[in-house]
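J.: This is the structure I have questions about; it appears just below.
The values are calculated or read from the model by the stated rules, or taken from the named source; none is laboratory data. Source: prediction; values computed, not measured. As a convention, Cβ positions derive from the backbone with ideal geometry for all residues, glycine included, and neighbour counts pool all protein chains shown.
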């Protein structure tokens, strides 16, 4: 085969290669923010959405922790997907996620100790978070690292904005504060109901209803 033929073949391969941010790949990031949100559509990660959303600061830290763990785990599992024996794939996934969660826990203890004490139980539960394990099993094991990274970014951001929205409402109307700073004046009487899990459940239900109504989604 001549050099010219080889060069033409290589050019065809380059042209045929899918762009790093093609329309299909952009949807890996954008769909989980709305139409395919892991909380509102797939109803995953509900426990932390109800438990850690009493204040914005802790909620934002939780969202960042899930972002780091999910994106990193997706890329690692995807990179190893062809070397992981099928019979031990769940064990490998748990080991990877547990290692990443341990890193998050140590960083929080070093730089945000008070928040670490408040979130310690829930940070540990990221190991068994349905969103994290679900994306590893359903996507990372069957796709390349770049696509898995985008999938991790999309699903973690989809999870993050939902819990931050819930925390915004709960902290604002529960204590009149945002990030611990007084926003509503002395005229506002704190509503203790927003500090309860029931309030989080109602707010989450409203968000689910709005997003599903917008997309026209119905249960089959």
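J.: Only one residue in 152, 185, 205, 192 is buried (at least 17 other Cβ atoms within 10 Å of the Cβ) and either under 20 Å from the mean Cα position of the chain (by Cα) or modelled with pLDDT under 90 (or both). Which one? Walk me through it before giving the result.
T.: Details: 185 fails: buried (at least 17 other Cβ atoms within 10 Å of the Cβ); 205 fails: buried (at least 17 other Cβ atoms within 10 Å of the Cβ); 192 fails: buried (at least 17 other Cβ atoms within 10 Å of the Cβ).
After ruling out the rest, the residue left standing is 152.
J.: Condition first: within 19 Å of residue 130 (Cβ to Cβ), out of contact with any strand residue (DSSP E or B) (no Cβ under 6 Å at 6 or more places or on another chain), modelled with pLDDT under 90 and not in a helix (DSSP H, G or I). Can you find one or more residues in segment 54-69 that meet it?
T.: Among the residues of segment 54-69, not one is within 19 Å of residue 130 (Cβ to Cβ), out of contact with any strand residue (DSSP E or B) (no Cβ under 6 Å at 6 or more places or on another chain), modelled with pLDDT under 90 and not in a helix (DSSP H, G or I), which makes the answer no.
J.: From the list 122, 173, 168, pick out the single residue that is touching a strand residue (DSSP E or B) at 6+ places or on another chain (Cβ under 8 Å) and either closer than 18 Å to residue 65 by Cβ or assigned to a helix (DSSP H, G or I) (or both). Full working, then the answer.
T.: Details: 122 fails: touching a strand residue (DSSP E or B) at 6+ places or on another chain (Cβ under 8 Å); 173 fails: touching a strand residue (DSSP E or B) at 6+ places or on another chain (Cβ under 8 Å).
None of the other options fit; the residue is 168.
J.: So if I check each of 187, 146, 161, 209, which one is more than 23 Å from residue 43 (Cα to Cα), assigned to a helix (DSSP H, G or I) and out of contact with any strand residue (DSSP E or B) (no Cβ under 8 Å at 6 or more places or on another chain)? Steps first, please.
T.: Working: 187 fails: assigned to a helix (DSSP H, G or I); 161 fails: more than 23 Å from residue 43 (Cα to Cα); 209 fails: more than 23 Å from residue 43 (Cα to Cα).
Answer to the selection: 146.
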